[in-house]
Amino acid sequence: MSETILILGASGQIGGELTEKLRNIYGSNHVIASDIRNGNDALMNSGPFEIIDATDKDGILEVVQKYKVTQIYLLAAMLSATGEQFPQKAWDLNMSSLFNVLNLAKDGFIKYVFWPSSIAVFGPSSPKINVPQSTIMEPTTVYGISKLSGERWCAYYNKKYGIDVRSLRFPGLIGWQSSPGGGTTDYAVDIFYKAVAHQPFECFLAENTALPMMYMDDAIRAVIELMETDSKKIKVRSSYNLGALSFTPKTLYESLLPLFPNFEIKYTPDFRQEIAESWPESIDDSSARNDWDWQPQFDLKRMVDDMCYNLRNK
Ligand code: NAD
């Protein structure tokens, strides 16, 4: 039987690009986009779209049955920076949406689940450099707490009920197609918009704050490769460390100067600085490399060139 995928939270930063790629692979009518708000024109016009609240289990089930959905990709979440403003809402959304999807799999309505975790599962007591797959994890943000709890529930549902759930710990994601949704690494997208518009940039992180990052093309490819891997090869059922780049705001700024020699930056760290400082600087993703041959393709220069090229043409 062919697969039909439902994406919850498809109108966000990752959802738009992931939906487009999945529609190219599986066919437009086999990839149902959904969100609580409409997406951009490309998303809305390229295949089926449904308004679904990911906290409404019956609403999800209705659409699962309508389209004979076999896989759910759950992208709806409240991200790190917004989560600190609304802790209870972040916890409720991030956990109830995950339980809804895991329970639909447990009840036999769907076969596969993709759910992204984050580097936010690590905390100040985790190693900073090349943080291993398994280590001390004491996250200090509500977002990180919800992601770490979610990981443990994914592993539990896999072990206890045999649910085929797969997950990646995304670093900060950088793409040109849509705006980021309230995370601590959003500066690394915003800076490109200002550079291309020939405007000065005010950075909310300090200049030497190194964080793990990844170009969106690599992130989307990672999701698809993980989901297409033979189930027996997936050894990590909590969430895989996933690495690509690590840089500071200063390094990113300097990499833009050859293209925009007059570009100016000012550093005004705000509450997000503390969040960033609680996270690792770089990731050891050898489990992903060994289990399903993960390999990033974009280094800093290639990413900067691609971002600038696409934003100039946008
Ligand atoms: P985003 O904020 O851009 O998109 C999330 C989408 O979810 C939005 O379109 C929003 O309208 C939707 N949404 C919110 N509440 C909803 C609800 N109740 N029901 C249905 N939809 C709802 O986020 P993103 O950057 O696309 O992130 C997607 C996932 O990837 C999240 O789980 C996030 O934690 C994870 N992640 C993202 C990054 C990153 O850098 N973007 C890094 C690590 C992990």
What number of residues in the stretch 184-203 are open to solvent by 10 Å² or more (accessible area, probe 1.4 Å), within 15 Å of the ligand (Cβ to nearest atom) and either in contact (Cβ under 8 Å) with a residue 12 or more places away in the chain or farther than 19 Å from E254 by Cα (or both)?
2
Looking at the stretch 228-244, which of the residues that are of a type in the set (A, V, I, L, M, F, W, C) and open to solvent by less than 20 Å² (accessible area, probe 1.4 Å) is farthest from the chain's Cα centre (by Cα)?
I234
Qualifying positions in the stretch 86-95 - in a helix (DSSP H, G or I) and either within 18 Å of I7 (Cβ to Cβ) or among the hydrophobic types (A, V, I, L, M, F, W, C) (or both)
A90, W91, L93, N94, M95
Look at V189 and say whether it is touching an Asp or Glu at 6+ places or on another chain (Cβ under 7 Å) and over 30 Å from T4 (Cβ atoms).
no
Determine whether the stretch 70-81 contains at least one residue that is surrounded by fewer than 18 Cβ atoms within 10 Å (Cβ to Cβ), of a type in the set (F, W, Y) and more than 8 Å from the ligand (Cβ to nearest atom).
no
Per the list (1) surrounded by fewer than 23 Cβ atoms within 10 Å (Cβ to Cβ); (2) over 19 Å from the mean Cα position of the chain (by Cα); (3) within 12 Å of the ligand (Cβ to nearest atom); (4) part of a helix (DSSP H, G or I), residue check on I60 breaks on (1)
Within 9 Å of the ligand (Cβ to nearest atom) and either of a type outside the set (S, T, N, Q) or surrounded by fewer than 22 Cβ atoms within 10 Å (Cβ to Cβ) (or both) - does that describe any residue in the stretch 152-166?
no
Residue by residue through the stretch 110-150, note down the ones that are surrounded by fewer than 18 Cβ atoms within 10 Å (Cβ to Cβ), within 22 Å of N208 (Cα to Cα) and among the small types (G, A, S).
S125
One residue from F86, F99 being within 23 Å of G172 (Cα to Cα), more than 8 Å from the ligand (Cβ to nearest atom) and over 18 Å from the mean Cα position of the chain (by Cα):
F86
For the stretch 134-166, how many residues are part of a helix (DSSP H, G or I) and either in contact (Cβ under 8 Å) with a residue 24 or more places away in the chain or under 19 Å from K89 (Cα atoms) (or both)?
18
Could you check the stretch 1-55 and list, in sequence order, the residues that are within 13 Å of the ligand (Cβ to nearest atom), in contact (Cβ under 8 Å) with a residue 60 or more places away in the chain and not in a loop (DSSP other than H, G, I, E, B)?
L6, I7, L8, Q13, I14, G15, G16, E17, L18
Between residues in the stretch 85-113 that are among the charged types (D, E, K, R) and residues that are open to solvent by 40 Å² or more (accessible area, probe 1.4 Å), which pairs lie under 8 Å by C-beta distance while being six or more apart or on different chains?
D92/T55; K106/Y161
Just give me the residues in the stretch 8-21 being in contact with a helix residue (DSSP H, G or I) (Cβ under 9 Å, 6 or more places away or on another chain) and within 19 Å of S97 (Cβ to Cβ), in sequence order.
L8, G9, A10, S11, Q13, I14, G15, G16, L18, T19
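The values are calculated or read from the model by the stated rules, or taken from the named source; none is laboratory data. For clarity, every value in this text was computed on a predicted model and none was experimentally measured. Cβ atoms come from the backbone with ideal geometry, glycine included; neighbour counts cover every protein chain shown. The accessibility values were calculated without ligands, DNA or RNA, using every heavy atom of the protein model including side chains. Shrake-Rupley method; radii C 1.70, N 1.55, O 1.52, S 1.80 Å.
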